[in-house]
Amino acid sequence: MDKEKLIIFDTTLRDGEQSPGASMTQEEKVRIARALERMRVDVIEAGFPMASEGDFASVQAVARAVKDSTICGLARALDKDIARAGEAIKPANSGRIHTFIATSPIHMQMKLRMSPDQVVEQAVKAVKLARQYTDNVEFSPEDAGRSEHDFLCRIIEAVIDAGAGTINIPDTVGYNLPQQFGALIGELIARVPNADKAVFSVHCHNDLGLAVANSLSAVMNGARQVECTINGLGERAGNASLEEVVMAIETRQDLFACNTTLDTTQIVPCSRLVSSITGFAVQPNKAIVGANAFAHESGIHQDGVLKNRETYEIMRAEDVGWSANRMVLGKHSGRNAFRSRLQELDIVFETEEALNEAFARFKELADKKHEIYDDDLQALVTQAQSSTVDERIKLVSLKVCSETGETPESAVTLSYDSEESSASASGGGPVDATFKAIEKIVNSETELLLYSVNAITSGTDSQGEVTVRLDKGGRIVNGQGADTDIVIASAKAYLNALNKLHEPIERAHPQV
Ligand code: KIV
Ligand code: ZN
């Protein structure tokens, strides 16, 4: 291929996890990292090791599990952060440290309370220290999108001299417009004297809905790495979505001088996995991965597509993995078939006991549902893994009564710290009644921020996957539950969120 390579740097496990409520367990991160590796993502930012013991362990676990992608750890431009990131990426075949410091006037004055000279000095020191752990060092001038261009040129030249091989330009607050951001990248590449010794990268936030447009404009102006996330997850309005960036470049090769080496057929399975693990549903009209992205409703469109698909389609659904959801297993499938399909999906259980437990859940599901798809298996594993969080509250039984003209009622029995309690309540619907009955027992003092149900597969026997987002004193958690009965799925999701609130969390935020 005579095109240059565009490096895809996925930060779902780091910036994506900064979405409120999107925190993931170590096992979940490893599963997503494996799916990203299958997609042939070049660099996976696995976390911010200094944030907590859990983040450190997750980066280390991803570094051990993934062999083909580079594993990156984020670090502020501080000795202790860099040492921690260096340690966490040690097991990786190829490891990178991504260090950053803010460069905009407002961040330097108000947040860091440092002079520009001090910022340059600290950045250079950080890059030199990071180089003692790995040859692969990335530097980001945080809030570059609002930084002075002369100052950016100065600090970038200095960190390249210090050994940074990748210079990432973040539009941290999503303030830039596409033409402006593209021009900034072009200007930096043209003005920084040693720019040819580094790869220029971009990291755009979506506050104005322009993260993908800004990233593409940057690529047209010479950026050769894009930082992005699956489903556009990320801090506030999120980051540039990987699937949109990759497919825009793939589809408009007539306009781009570069291309990625991703296996795009892994996009939809990966999107579903991330959505199922985080509980962040994908909106139906979302480009590439939304349920309607390839659906033609109007008669004129349907007629056109039947005559020639290209009349209304610019991409093929199967090229982004829409046909990948194979029916694989059923009621009569045995343990070996179950295990081998999980292996094909790269799902590995640490112990035989965990596999047995998942198989028991599979059998239970297969009794209710004839055809078990990959998405069912992923949801089942998500359930199995999320129930490994210390489950102080368990659902023992649930009975709902819903009848036309009558108020729905729910009777719930829970085991709370191994003691059984029951309560009944009525509500606006069976789910409302169930949540009220649970609350009578647990009195959690939480606020329900979100309740959503998503059918995992098509058909009325599909499992409903429910997400519940709870807020307790500012701490936000997501709970998930799946079942062919959506009231049971809802109760499971509610209890999963409550159980997560019992877990201790002590975690620093990279930008603070
Ligand atoms: O948005 C941002 O500036 C970041 C940096 C840490 C790169 O996430
Ligand atoms: Zn960011």
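For the reader, a short list of remarks on this structure follows.
- Here is the list for the range 101-202: trypsin sites (Lys or Arg not before Pro) lying in DSSP coil, each with at most 14 other C-beta atoms within 10 angstrom of its C-beta, are 113.
- With eigenvalues of the C-alpha gyration tensor scaled by 5 and rooted, the range 294-395, Å: 37, 15, 14
- Helix-derived mean residue ellipticity, 222 nm - over the chain, DSSP H n ≥ 4, -39500 (n - 2.57), to 500: -12000 deg cm²/dmol
- Cα shape, the range 326-386, gyration tensor, a/c 1.5 rule: rounded
- With Cα atoms, 0 to 90° folded angle of helix 149-162 axis to the chain main axis: 90
- Excluding same-chain neighbours fewer than eight residues apart, the aspartates and glutamates reachable from residue 111 by a Cα-Cα span under 16 Å are 142, 143.
- On Cα atoms only, tilt of 26-38 relative to the major axis of the chain in degrees: 60
- Within the chain, the longest segment free of exposed loop sites, counting GluC sites (Glu not before Pro) that fall outside DSSP classes H, G, I, E and B and have at most 13 other Cβ atoms within 10 Å, spans 149-296.
- Angle in degrees between helix 116-131 and the longest Cα principal axis of the chain, rounded to the nearest 10: 70
- Electrostatic dipole magnitude of the chain [Cβ: Lys, Arg +1; Asp, Glu -1; Cα centre; debye, to 20]: 620
- Shown is the FRET efficiency for residue 121 and residue 90, computed with R0 = 25 Å from the Cβ-Cβ distance and rounded to the nearest 0.05: 0.35.
- Projected label points at residue 475 and residue 502, each 7 Å from Cα along the beta carbon direction, are separated by 1.3 nanometres.
- DSSP finds beta bridges in the chain, and of those with both partners inside it, around 50 percent are antiparallel.
- Spacing of the modelled spin labels on residue 183 and residue 294, each 7 Å from Cα toward Cβ, amounts to 4.0 nm.
- Segment residue 112..residue 423, full-extension length gain: 106.7 nm, with 0.36 nm per residue of separation and the alpha-carbon distance subtracted.
- With the simple spin-label model, which puts each label point 7 Å out from Cα in the Cβ direction, the residue 2 to residue 396 separation comes to 7.4 nm.
- The share of alpha-carbon pairs in the range 393-501 lying farther apart than 17 Å comes to 52%.
- Partner lysines for residue 399 [C-alpha distance under 19 Å; skip if fewer than 8 residues away on the same chain]: 368, 436, 440, 492
- Whole-number D in µm² s⁻¹ for the chain, Kirkwood Cα-pair radius fed into Stokes-Einstein, 37 °C, 0.692 mPa s: 136
None of the figures in this text is laboratory data; all of them are computed from the coordinates on show. Please read these numbers as outputs of a predicted model, since none were measured by experiment. Counting neighbours? That spans all protein chains shown, and the Cβs are built from the backbone with ideal geometry, glycine included.
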